[in-house]
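Every number here is computed from the coordinates shown, using simple stated rules; none is lab data. This one's a predicted model, so the numbers in the text were calculated from it and none came from an experiment. Counting neighbours? That spans all protein chains shown, and the Cβs are built from the backbone with ideal geometry, glycine included.
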Amino acid sequence: QPFTGTPAWNQPPPKRRNPWPLIAGVAALVVVLVVAAVGIAMVMGGDDSNPQANRTSTTTTTTTSRTVTTTTTTRASNPQSKLLSVLPAGYPNGACTPATPKANSIWVNALAMVDCDQNTNQGGPSRAVYGLFANADLLKKAFNDDVAAVQLLNCPGAGPSPDGWHHDSTPTVTAGSIACGTYKNHPNIIWTNDAKLLLCDVYGDPPSLEDLHTWWTNYGG
């Protein structure tokens, strides 16, 4: 049978496959992988930021805590600041000024001492001296020496002085000693707060001894 058609050597060459779809597919795959890698990096980076924020917060908290502790210690070690913090209410800023105990005075052993002007509460003293002592023995000696210079009287509504005093909430516990009288014709009350190691010496005229004692009952102890 005779061969029909175009001779083999005259046949057109087979069509070559277009490489661009394959290249485009590979490129698309690379883009997907890059995007995925960036996403993973962002997620991991976000996770790292949280612990860092916590560390900063923790450091700040620790520093603040140390600062507060240091401040408290400084105040506690300053007798003058401690004395001012335990004075009776009614003294505005500047009403009490630091004083230096005179030699051979009853205040000579005081760790700190202040001289105060008029107390603003009802019946408050027109002048007062307060002192902080190192221990109970020095406080007791200063009280006894102070009382020795006073013309003693009964405290209003109470018996002879000096005597012990107590808080109403703890009637069986002696909180300190108190004496009432006059000093150079001025109403005078002297008392101690044993827990605070505090000696108080307040004067009236005005007020009267009765008013001064009422003030002490409300604010002094």
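Would you mind ranking V108, V150 by Cβ crowding within 10 Å, fewest neighbours first?
V108, V150
Using a Förster distance of 30 Å, how high is the FRET efficiency between T182 and N93, based on the Cβ-Cβ distance and rounded to 0.05?
E between T182 and N93, to the nearest 0.05, is 0.45.
My understanding is that a pair violates if its Cα-Cα distance is over 19 Å; which of K82/K196; K140/K184; K141/K184; K102/K141 do that in this structure?
Long pairs (Cα-Cα over 19 Å): K140/K184; K141/K184.
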